[in-house]
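Remarks on the structure that follows.
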Amino acid sequence: MNEPGARDRILAAAEELFADCGFDATPTSRIAERAGVPKGLVHYYFKRKPDLLTALVERLPEDRVDPEHVVVPGDVAASLHRLVDVLDRSLDSSAMLSHLLWREADTHPAVLDALRNRFGRLVEQIRAVVAAAQPRCAAADVDSAAHLLASAVSYRHSVARHAEDGQDTMHRELRFLADALAAGAGA
């Protein structure tokens with residue numbers, strides 16, 4: 001098994017330390033020590049400390065889900081459950097990183113921009129899944145449901161390290177949204 005390269009070790013150390021201590025309270029010397037590299041190597045790969053956060057954003061797992069893999073025609077609830085399950089599996093591989101980035105978004109515009117872009121992609125994916133599962137839903141209702149569900153998923157992912165398993169709550173929310181769409185809630 002190959003040992004991770006210096007850049008990867010630096011990023012892993014930064015992720016752990018930023019999550020534990022916060023970005024501002026973590027000096028690059030501690031990152032270098034945790035990564036087992038000279039401090040100068042941290043600055044070789046990352047000119048400024050905020051560049052570490054930018055690189056960590058890029059380490060988030062792929063968040064695009066092909067609707068074909070999750071849509072159950074005629075069943076919005078089952079389709080959304082399948083989509084959220086795929087997104088949650090992705091979260092499992094990056095819970096600490098996700099939490100860290102949500103926390104640092106308040107003070108680092110690049111992180112906030114990246115998270116906003118991810119949120120926009122999530123809304124679009126939810127829209128696509130609902131439209132494929134139930135093409136007759138009103139566009140305004142689909143848009144509202146997509147924003148509500150994206151907010152719920154984003155919230156869960158932002159507090160994942162501290163929250164108890166919210167699967168039951170999420171399943172109730174998914175059922176509620178699916179029922180509201182089926183009833184033509186916004187009509």
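The values are calculated or read from the model by the stated rules, or taken from the named source; none is laboratory data. Owing to the predicted nature of the structure, the values given are computational and were not obtained by experimental measurement. Counting neighbours? That spans all protein chains shown, and the Cβs are built from the backbone with ideal geometry, glycine included. Areas reflect the complete protein model, heavy atoms only, side chains present, ligands, DNA and RNA absent. Shrake-Rupley method; radii C 1.70, N 1.55, O 1.52, S 1.80 Å.
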| Looking only at region 60-90, and only at residues there that are buried (at least 18 other Cβ atoms within 10 Å of the Cβ) and touching a Lys or Arg at 6+ places or on another chain (Cβ under 6 Å), the one that is farthest from R156 (Cα to Cα) | V70
| field | Matching residues in region 107-127 - criterion: being closer than 25 Å to A182 by Cα and either of a type in the set (D, E, K, R) or open to solvent by 40 Å² or more (accessible area, probe 1.4 Å) (or both) | value | F119, R121, E124, R127
| field | Number of the exception - D165 against (1) surrounded by 14 or more Cβ atoms within 10 Å (Cβ to Cβ); (2) at pLDDT below 85 | value | (1)
| note | Among R82, R64, the single one that is closer than 20 Å to A145 by Cβ, of a type outside the set (A, V, I, L, M, F, W, C) and at pLDDT 90 or above is R82
| Inside region 71-179, counting only helices (runs of 4 or more DSSP H) that do not spill past its ends, which hold 3 or more residues that are within 18 Å of the chain's Cα centre (by Cα) and farther than 28 Å from P50 by Cα? | 76-92, 109-133, 139-158
| query | Any residue in region 11-26 that is surrounded by fewer than 18 Cβ atoms within 10 Å (Cβ to Cβ) and hydroxyl-bearing (S, T, Y)? | reply | no
| note | Residue set E173, E104; condition of a type in the set (D, E, K, R), in contact with a helix residue (DSSP H, G or I) (Cβ under 6 Å, 6 or more places away or on another chain) and closer than 24 Å to A19 by Cβ; output residue E104
| message | Can you find, within region 40-54, the residue that is modelled with the highest pLDDT among those that are closer than 17 Å to A110 by Cβ and open to solvent by less than 70 Å² (accessible area, probe 1.4 Å)? | response | F46
